[in-house]
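The structure under discussion appears below in the form of structure tokens.
Derivation of every value follows stated rules applied to the coordinates shown; laboratory data play no part. All of these numbers come straight from a predicted model, not from anything done at the bench. Cβ placement follows ideal geometry from the backbone for every residue including glycine, while neighbour counts extend to all protein chains displayed.
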Amino acid sequence: MFSDLDFFTQYETWLRASAFLGILALLVGLEYLIPRRQRVMPRVHRWTTNLTMVVLDTIILRYLFTVLSVGMAFWANQKGIGLFNLWEGNFWLKTLLTVLIFDFLIYLQHVVSHRIPFLWRIHRVHHVDRDIDVTTALRFHPIEITLSMLYKFGWILILGPTAFGMLLFGIILNSSAMFNHANIQLPPRLDHFVRLFVVTPDMHHIHHSTTPQETNSNYGSFLSLWDRLCRTYKPA
């Protein structure tokens, strides 16, 4: 089923949208119940700006690119393109590796976006949000979204990941980004435990500091492993 084009054609958009809206609604509710910080700006003003950018990004992703990551991965699999397609490995192992490798590649992309001045000027749109909450995860310049998709396309052609792995990765990436930007207060012990595995709000909010040493740390989106391995992790 997961290698069937009809499955992705019929259910990919529905699965992505359901996961996105469900996680968004849950985190918005938690921001009301257990906020981490007081807001600087009215929620309505910020959300109008941030959610407008989501609409623009969606238009770019759906119309500028006729083949998105899942479709391209399926096409690469059908044509035998990419390293994974030279290996007769287990489908689920390939899917797991797809998620892990692409999470690391997004970590690297994030690091580079801070190191190259041109990319940083574009990426700063994400960082200039005066309040950090779940909608900050959706606030990206359309050019950055476009470059990110081209970056993913290139690696899909090199690696030939499973289409289901790309679908799963997309859902995980969007969900974890909304989680770690959310203005929610986790109990310290729970935060300490969870960040051993995935990026938590308190871990990622350091990255949105105005202090350069803190901004240039904690780049991870999903797994906290990459910051620890690459020595870009700051605990507080």
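Determine the relative contact order of segment 75-163: mean sequence separation of Cα pairs under 8 Å and six or more apart, normalised by residue count, in whole percent.
Relative contact order for segment 75-163 comes out at 54 percent.
Residue by residue through segment 146-157, what is 3J(HN,Hα) from phi via Karplus (6.51 cos²θ - 1.76 cosθ + 1.60, θ = phi - 60°)? Round to whole Hz and write x for glycine and proline.
5, 5, 5, 5, 4, 4, 5, 4, x, 6, 4, 5
If each residue of separation counts as 0.36 nm, what is the full-extension length gain between residue 236 and residue 108 once their alpha-carbon separation is subtracted?
So the extension gain works out to 43.9 nm.
To two decimal places, what compactness ratio does segment 99-223 give when its Cα radius of gyration is scaled by 2.2 N^0.38 Å?
Normalised Cα radius of gyration, segment 99-223: 1.06.
Can you give the extra length, in nm with one decimal, that the chain gains between residue 21 and residue 191 once fully stretched, where that is 0.36 nm per residue apart less the Cα-Cα distance?
Details: separation 170, 0.36 × 170 = 61.20 nm, distance 2.41 nm.
Going from the current span to full extension adds 58.8 nm.
Evaluate the relative contact order of segment 87-236 (contact order divided by residue number), counting alpha-carbon pairs under 8 angstrom at least 6 apart; express in whole percent.
Computed over segment 87-236, the figure is 26 percent.
Excluding same-chain residues fewer than 8 positions from residue 94, which lysines have a Cα within less than 26 Å of its Cα?
Partners within reach: 79, 152.
Hey, got a sec? Which trypsin sites (Lys or Arg not before Pro) in segment 178-234 land in a DSSP loop and have at most 13 other Cβ atoms within 10 Å?
231
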